[in-house]
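First up is the structure itself, then whatever we jot down about it.
The values are calculated or read from the model by the stated rules, or taken from the named source; none is laboratory data. Fair warning: this is a prediction, and the values are worked out from it, not measured in the lab. Using ideal geometry, Cβ is built from the backbone for each residue, glycine included, and neighbour counts are taken over all protein chains shown.
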Amino acid sequence: MMIPWPVLLIPQYLIVLRLGFINTYWAIILPALYSTFGIFLMRQYMHSIPDELIDAARIDGAAEPDIFVRIILPMCGPVLAALGIFTFMGSWDSFIWPLVVLSKESMYTLPLGLAMFNQRFWTDYAAVNAGAFISVIPVIIVFLLLQRRFIEGIALTGLKG
């Protein structure tokens, strides 16, 4: 997390190049699957889950995968919603990475497509504004769908153990 993302740009590019994913959608999807911030966020949240719940499940005879799937994961709903929004926003607004790994204009992401409206001596502001408005709609939908989880997480923070 302490290493700036531009420093990691070349190693990520070399990995995607060696995997043969340049100019494919996998070149955009694969690096977005891993997030150091996401691992740290989930770890910190899972440390706040009381150990008594896990011990009670073990006493009841639950296996470790069952404890994770049936007890820990449902309790992580608010942090998973937050991480989902952060990851979606980071991927949705990504400009540099798709510009580096994609060369076909037909595969460009929305931010790259909006940048295509800029010409050398003029810009079609009506088209840029319409595209920007359309690009915000999925972000608003994702936030509205996951907003309820944020409220649940705030309500559960006052629970006494």
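So for segment 72-82 (the condition being touching a residue at least 60 places away in the same chain (Cβ under 8 Å), in contact with a helix residue (DSSP H, G or I) (Cβ under 6 Å, 6 or more places away or on another chain), over 26 Å from residue 5 (Cα atoms) and surrounded by 15 or more Cβ atoms within 10 Å (Cβ to Cβ)), does at least one residue qualify? Walk me through how you get there before you give the answer.
In the first step, residues of segment 72-82 are kept if they are touching a residue at least 60 places away in the same chain (Cβ under 8 Å); the result is 77-82.
Okay, now just the ones that are also in contact with a helix residue (DSSP H, G or I) (Cβ under 6 Å, 6 or more places away or on another chain), so 77-79, 81.
Filter once more, keeping what is over 26 Å from residue 5 (Cα atoms): 77-78.
Going one step further and asking which of them are surrounded by 15 or more Cβ atoms within 10 Å (Cβ to Cβ), we end up with 77-78.
Yes, there is a match, as at least one residue in segment 72-82 is touching a residue at least 60 places away in the same chain (Cβ under 8 Å), in contact with a helix residue (DSSP H, G or I) (Cβ under 6 Å, 6 or more places away or on another chain), over 26 Å from residue 5 (Cα atoms) and surrounded by 15 or more Cβ atoms within 10 Å (Cβ to Cβ).
Every residue in segment 49-64 that is touching a residue at least 40 places away in the same chain (Cβ under 8 Å) and assigned to a helix (DSSP H, G or I), please. I'd like the intermediate steps shown before the answer.
The first filter runs over segment 49-64 and keeps only residues touching a residue at least 40 places away in the same chain (Cβ under 8 Å), leaving 50, 52.
Residue satisfying the conditions is 52 alone.
Of the residues 59, 72, which single one is hydrophobic (A, V, I, L, M, F, W, C) and over 28 Å from the mean Cα position of the chain (by Cα)?
On the way: 72 fails: over 28 Å from the mean Cα position of the chain (by Cα).
Of the residues listed, the single one that is hydrophobic (A, V, I, L, M, F, W, C) and over 28 Å from the mean Cα position of the chain (by Cα) is 59.
If residue 30 satisfies all but one of (1) within 30 Å of residue 148 (Cβ to Cβ); (2) of a type in the set (A, V, I, L, M, F, W, C); (3) within 19 Å of the chain's Cα centre (by Cα), what's the number of the condition it fails?
If we test residue 30 against (1) within 30 Å of residue 148 (Cβ to Cβ); (2) of a type in the set (A, V, I, L, M, F, W, C); (3) within 19 Å of the chain's Cα centre (by Cα), just (1) comes out false.
Within segment 14-21, does at least one residue satisfy the condition of being assigned to a helix (DSSP H, G or I), on the phi < 0 side of the Ramachandran plot, basic (Lys, Arg) and in contact with a helix residue (DSSP H, G or I) (Cβ under 8 Å, 6 or more places away or on another chain)?
To start, the set of residues in segment 14-21 that are assigned to a helix (DSSP H, G or I) comprises 14-19.
In the following step, the residues that additionally are on the phi < 0 side of the Ramachandran plot were identified as 14-19.
Add one more test, that the residue is basic (Lys, Arg), and what stays is 18.
If we keep only those that are in contact with a helix residue (DSSP H, G or I) (Cβ under 8 Å, 6 or more places away or on another chain) as well, we get none.
Within segment 14-21, none of the residues are assigned to a helix (DSSP H, G or I), on the phi < 0 side of the Ramachandran plot, basic (Lys, Arg) and in contact with a helix residue (DSSP H, G or I) (Cβ under 8 Å, 6 or more places away or on another chain).
If you check 141, 67, 154, which single one turns out to be part of a helix (DSSP H, G or I), among the β-branched types (Val, Ile, Thr), modelled with pLDDT of 85 or more and surrounded by fewer than 16 Cβ atoms within 10 Å (Cβ to Cβ)?
Working: 67 fails: surrounded by fewer than 16 Cβ atoms within 10 Å (Cβ to Cβ); 154 fails: modelled with pLDDT of 85 or more.
One residue alone meets the criteria, 141.
Mind checking which residues of segment 67-114 are under 18 Å from residue 44 (Cβ atoms) and among the hydroxyl-bearing types (Ser, Thr, Tyr)?
Across segment 67-114, the qualifying residue is only 87.
Output yes when any residue across segment 125-134 is within 26 Å of residue 34 (Cα to Cα) and at pLDDT 85 or above, and no when none is.
Just the residues of segment 125-134 that are within 26 Å of residue 34 (Cα to Cα), to begin with: none.
No: segment 125-134 contains no residue that is within 26 Å of residue 34 (Cα to Cα) and at pLDDT 85 or above.
Please list, ordered by first then second residue, the pairs with beta carbon atoms under 6 Å, 6 or more apart or interchain, first in segment 129-143 and farther than 13 Å from residue 113 by Cα, second of a type in the set (A, V, I, L, M, F, W, C) and modelled with pLDDT under 90.
142/88
For segment 96-107, state whether one or more residues are surrounded by 11 or more Cβ atoms within 10 Å (Cβ to Cβ), of a type outside the set (Gly, Ala, Ser), at pLDDT 90 or above and assigned to a loop (DSSP other than H, G, I, E, B).
There is at least one residue in segment 96-107 that is surrounded by 11 or more Cβ atoms within 10 Å (Cβ to Cβ), of a type outside the set (Gly, Ala, Ser), at pLDDT 90 or above and assigned to a loop (DSSP other than H, G, I, E, B).
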